[in-house]
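Chemist: This is the structure I want to talk about, given as structure tokens.
The values are calculated or read from the model by the stated rules, or taken from the named source; none is laboratory data. Please read all numbers here as calculations on a predicted model, not as lab measurements. Every residue, glycine among them, receives a Cβ derived from its backbone with ideal geometry; neighbour counts consider all protein chains shown. For the accessible areas, the whole protein counts, side chains as well, though only heavy atoms, and no ligand, DNA or RNA atoms are used. Shrake-Rupley method; radii C 1.70, N 1.55, O 1.52, S 1.80 Å.
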2 protein chains.
Amino acid sequence: MKASKVSEYSKHQLELATLAKALGHPARIAILEHLARVNACVCGDIVEELPLAQATVSQHLRELKEVGLIKGTVEGTSVCYCIDEENWKTIKEQLNTFFRELDAACQNCC
Amino acid sequence: MKASKVSEYSKHQLELATLAKALGHPARIAILEHLARVNACVCGDIVEELPLAQATVSQHLRELKEVGLIKGTVEGTSVCYCIDEENWKTIKEQLNTFFRELDAACQNCC
DNA sequence: TTATTTGATCGCAATAATACGATGAAGTGT
DNA sequence: ACACTTCATCGTATTATTGCGATCAAATAA
């Protein structure tokens, strides 16, 4: 992508795309679903759930954290990850707004 | 790899990730929003809306089409694109199911 | 203290995504 | 027939992502 043209997209388009990109890998979907399933904080045993090395899982966790979907809390020698409830609400609202945009579209076209 | 690790991702995890990946680029978000905004089929003037060359836009359109978000109909020498209402309903349901999964999670953790 | 555990980060290789000019295919108009 | 339009695809350069071993940092346990 040309750096000079990135600014041509609106802020919310860039935000949505960044968010979607974070969800655009099966490992990260699996991590989120695992965190949801155990309904509690899970630590590094996420690594055990995935067919990936510890370094790779750590990388995926960072990506999810950067986009605000999860948060991690240090607990002694391990780190407890969970879905970031606060941010998730905001993110969900962003996505739903986008969905409603699409819903309003294109009733009888083509 | 440890034997306890599941070597593959589930079908729905792969589907979700593929879908999210298709939304993971600002140009494709912009295309969808434009199609929604004009509330009718638009043809190759999508190119005029984006800071990208025709070949690149065509590429993005193909990705959106492959994942079922849009459809294109040939109209003479031009092609009319619009959101694929039918598929969009299915896709939205998939996403909402995923969202509900996350909603149920992690009430008071960390 | 030293050893161990947990997880983050670094460095690098392999792969995938992005962008664009050039070209091809198919329809339209002269 | 020819020129023109519209869009898809090809070839390819650039950049980003993915994955993993190695290593580092911090807390814990001996």
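Chemist: Collect the residues in segment B:57-82 that are in contact with a Leu (Cβ under 8 Å, 6 or more places away or on another chain) and either within 13 Å of DNA strand C (Cβ to nearest atom) or touching a residue at least 24 places away in the same chain (Cβ under 8 Å) (or both), keeping them in residue-number order. Don't jump to the end; show me each part of the working.
Modeler: Step one: list which residues in segment B:57-82 are in contact with a Leu (Cβ under 8 Å, 6 or more places away or on another chain), which gives B:57, B:60, B:64, B:67, B:69-70, B:72, B:81-82.
B:Val57, B:His60, B:Leu64, B:Val67, B:Leu69, B:Ile70, B:Tyr81, B:Cys82, listed by residue number.
Chemist: Next question, about the same structure. What are the residue pairs meeting all of these: first residue in segment A:1-17, first residue among the β-branched types (Val, Ile, Thr), second residue modelled with pLDDT of 95 or more and surrounded by 13 or more Cβ atoms within 10 Å (Cβ to Cβ), Cβ atoms under 8 Å, and 6 or more apart or on different chains?
Modeler: As it stands, the answer is A:Val6/A:Leu14; A:Val6/B:Pro26, since those pairs meet every condition given.
Chemist: So in segment B:52-81, with the set limited to residues that are away from DNA strand D (no atom under 12 Å from the Cβ) and hydrophobic (A, V, I, L, M, F, W, C), which one is least open to solvent (accessible area, probe 1.4 Å)? If you could, list the steps in order and put the result at the bottom.
Modeler: At the first step, the residues of segment B:52-81 found to be away from DNA strand D (no atom under 12 Å from the Cβ) are B:67-69.
Checking which are hydrophobic (A, V, I, L, M, F, W, C) leaves us with B:67, B:69.
On the way: B:Val67: 35, B:Leu69: 3 Å².
That would be B:Leu69.
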